[in-house]
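In what follows, a single structure is set out as structure tokens and then discussed.
The values are calculated or read from the model by the stated rules, or taken from the named source; none is laboratory data. Everything numeric here is computed off the predicted structure, so don't read it as measured data. As a convention, Cβ positions derive from the backbone with ideal geometry for all residues, glycine included, and neighbour counts pool all protein chains shown.
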Amino acid sequence: MTTTPSSTTPINGHDLLYALGLGIEGPVLWGRPVSASGPGVFLVELPTHEPKVSIDPTAVRDWLDRNPDLRLDGKRPSVAELQSRLASFWLPRQVILYIGSSQKSVGARLGSIYRTPLGERRPQPAAYWLKTLKDIAKARVWWVETAEAELYEDQLLESFAKSARAMPYGVLTSPTGQRRETGITIPLHDADVPKAPPRGSKITVFPDGQEGEGEPKRAARAPRKPTAKALAKLAARPNGAGSAIEAPKPDRGAAARAARAAAKGPPLPPIHLTTEGLAALHNELRELTVERRPEVISRIKAARELGDLRENADYEAARKEQSFLEGRVLQLEQMIKHAVIIDQSASGSEVVMGSTVVVETDRHGPEMFKIVGSAEADALAGKISYTSPIGRALMGRRAGETVRVTVPAGTIDFTVVEVS
């Protein structure tokens, strides 16, 4: 089993959010309510990095008892074996444990995560690995409310991955939809959903709940009493009450057309990109369609050949990865289709999209930012979106000007030193 690599470059949640130019709220201790009713992103971290992880054996034992179908490398594991596998993914030099988002309510999503027992799928199984940690009560939560929750979640995960060369301990799926290979299969189950009957079995429903031999008789359906409106229509027909009322023929293609229209969603706004950013999207699309897609299709085909798909964890994992992959391919195609290249030659003495700006602050000293579109923002590379609080404040400014950016924690003054 290959363990996840760890990095010697730690990064904390506050700095990761700050680098994206997002207003920061928190922290609060894990398990406490979060006052965020709108969509947004959130991070879970420990106050300091722990060189050695402490997995709670009681939590792991309860997990195994709750889910008898869980397997490790195809076998039913002991508590110690499952503890050891979880510990192999620990990042000893990192404090961030999880990065997530909600399209509806950050507070509600976290509340559902807190309430879900380890190993259960409902109400919200996200971040369930965190519940195996002895010190999870020491963890704290940072959050930001934003309408672009998924976009910022992807950027936060990508920024963390570039620094740590791995996903946070509790994140099991990368922004591109690739699932972490852990060897753990069927980790979750639905406590209140009965299993489907075996293939080929026949379910017979007897009248009044009684069981007996033979086929049940179909209960006679009581005739419907015609409404006054129907009687009036009959009376108005030339042949009198004996004429049949012809119902309008249903438009069978209407539902399909409506579904296709809903899937397309509203038209995308222009996606502002530099030439390098557009090339990066083309490269990612080529990798997904030319390399990853055939690989996933091959995995699905191999998993199908193993037999019953209901208990086939490899098939389920491959189909989920295919779903994520195709979703990302569609997203990339739409972004490329609506791409608008930023004219970097227009950058002069005034900050515009494509400008490189050197600023000084009263807290962090000199910093360099490149102003780009939201799709290309990369905090660790110094690229910030023109729609972020810092990006909006800097747009249109010149060298020597000072702007004040308000965030929940207070205000920060940025002095523009150089624009190029």
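Condition first: among the hydrophobic types (A, V, I, L, M, F, W, C) and surrounded by fewer than 19 Cβ atoms within 10 Å (Cβ to Cβ). Can you find one or more residues in the stretch 33-51 that meet it?
No, the stretch 33-51 contains no residue that is among the hydrophobic types (A, V, I, L, M, F, W, C) and surrounded by fewer than 19 Cβ atoms within 10 Å (Cβ to Cβ).
Does the stretch 365-373 contain at least one residue that is farther than 23 Å from Thr146 by Cα, more than 33 Å from the chain's Cα centre (by Cα) and at pLDDT 80 or above? Explain how you work it out, then say what you get.
Restricting attention to the stretch 365-373, the residues satisfying the condition of being farther than 23 Å from Thr146 by Cα are 365-368.
Subsequent filtering for residues that are more than 33 Å from the chain's Cα centre (by Cα) retains 365-366.
Subsequent filtering for residues that are at pLDDT 80 or above retains 366.
Looking for residues that are farther than 23 Å from Thr146 by Cα, more than 33 Å from the chain's Cα centre (by Cα) and at pLDDT 80 or above, one finds at least one in the stretch 365-373, hence yes.
Of these, Pro187, Pro168, which one is in contact with a helix residue (DSSP H, G or I) (Cβ under 9 Å, 6 or more places away or on another chain), surrounded by 15 or more Cβ atoms within 10 Å (Cβ to Cβ), at pLDDT 90 or above and more than 14 Å from Phe89 (Cα to Cα)?
Every option except Pro187 fails the conditions.
Taking the stretch 374-398 as the search range and keeping residues that are closer than 23 Å to Ala164 by Cβ and charged (D, E, K, R), which one is modelled with the lowest pLDDT?
Checked the stretch 374-398; the qualifying residue modelled with the lowest pLDDT is Asp378.
Return the pairs, sorted by first residue and then second, in which the second residue is assigned to a helix (DSSP H, G or I) and hydroxyl-bearing (Ser, Thr, Tyr), the first residue lies in the stretch 104-121 and is touching a residue at least 60 places away in the same chain (Cβ under 8 Å) and under 21 Å from Arg66 (Cα atoms), the beta carbons are less than 8 Å apart, and the residues are 6+ apart or on different chains.
Listed by first residue and then by second, the contacts come to Gly119/Tyr128.
Going by the conditions given, is Gly74 crowded, with 20+ Cβ neighbours inside 10 Å and farther than 18 Å from Asp135 by Cβ?
Working: crowded, with 20+ Cβ neighbours inside 10 Å: no; farther than 18 Å from Asp135 by Cβ: yes.
Considered against the rule, which asks whether it is crowded, with 20+ Cβ neighbours inside 10 Å and farther than 18 Å from Asp135 by Cβ, Gly74 comes out as no.
If I filter the stretch 53-71 down to residues being in a helix (DSSP H, G or I) and surrounded by 15 or more Cβ atoms within 10 Å (Cβ to Cβ), which single residue comes out as modelled with the lowest pLDDT?
So in the stretch 53-71, the residues in a helix (DSSP H, G or I) come out as 57-66.
Now restrict to residues that are surrounded by 15 or more Cβ atoms within 10 Å (Cβ to Cβ): 59-60, 62-64, 66.
Working: Ala59: 94, Val60: 95, Asp62: 93, Trp63: 94, Leu64: 94, Arg66: 89.
In this case the residue turns out to be Arg66.
I'd like to know if the stretch 173-185 contains one or more residues that are more than 15 Å from the chain's Cα centre (by Cα), touching a residue at least 40 places away in the same chain (Cβ under 8 Å) and not in a loop (DSSP other than H, G, I, E, B).
The answer is yes; a qualifying residue exists.
Here is a list: Pro27, Pro10. Which entry is part of a loop (DSSP other than H, G, I, E, B) and not aromatic (Phe, Trp, Tyr)? Talk me through it step by step, then tell me what you get.
Working: Pro27 fails: part of a loop (DSSP other than H, G, I, E, B).
Answer to the check: Pro10.
Taking the condition of being outside any strand (DSSP E or B) and surrounded by 17 or more Cβ atoms within 10 Å (Cβ to Cβ), how many residues in the stretch 332-343 meet it? Can you show your working first?
Of the stretch 332-343, the ones outside any strand (DSSP E or B) are 332-338, 342-343.
Remaining after also requiring surrounded by 17 or more Cβ atoms within 10 Å (Cβ to Cβ): 332, 335, 342.
Going through the stretch 332-343 one residue at a time, the tally reaches 3.
Looking at (1) under 21 Å from the mean Cα position of the chain (by Cα); (2) modelled with pLDDT under 90; (3) surrounded by fewer than 16 Cβ atoms within 10 Å (Cβ to Cβ), can you tell me which one Gly13 breaks?
(3)
Picking from Thr356, Thr361, which residue would you name as being touching a residue at least 40 places away in the same chain (Cβ under 8 Å), outside the structural domain of Arg293 (by TED's automatic domain parsing) and in contact with a Lys or Arg (Cβ under 8 Å, 6 or more places away or on another chain)?
Working: Thr361 fails: in contact with a Lys or Arg (Cβ under 8 Å, 6 or more places away or on another chain).
Residue meeting the stated conditions: Thr356.
Has the stretch 145-159 got any residue that is free of Cβ contacts under 8 Å to residues at least 24 places away in the same chain, in a helix (DSSP H, G or I) and either buried (at least 21 other Cβ atoms within 10 Å of the Cβ) or outside the structural domain of Glu284 (by TED's automatic domain parsing) (or both)? Before you say what the answer is, go through the steps one by one.
Going residue by residue through the stretch 145-159, those that are free of Cβ contacts under 8 Å to residues at least 24 places away in the same chain are 154.
Adding the requirement that they be in a helix (DSSP H, G or I) leaves 154.
Then drop every residue that is not either buried (at least 21 other Cβ atoms within 10 Å of the Cβ) or outside the structural domain of Glu284 (by TED's automatic domain parsing) (or both), which leaves 154.
So far as the stretch 145-159 goes, yes, one or more of its residues are free of Cβ contacts under 8 Å to residues at least 24 places away in the same chain, in a helix (DSSP H, G or I) and either buried (at least 21 other Cβ atoms within 10 Å of the Cβ) or outside the structural domain of Glu284 (by TED's automatic domain parsing) (or both).
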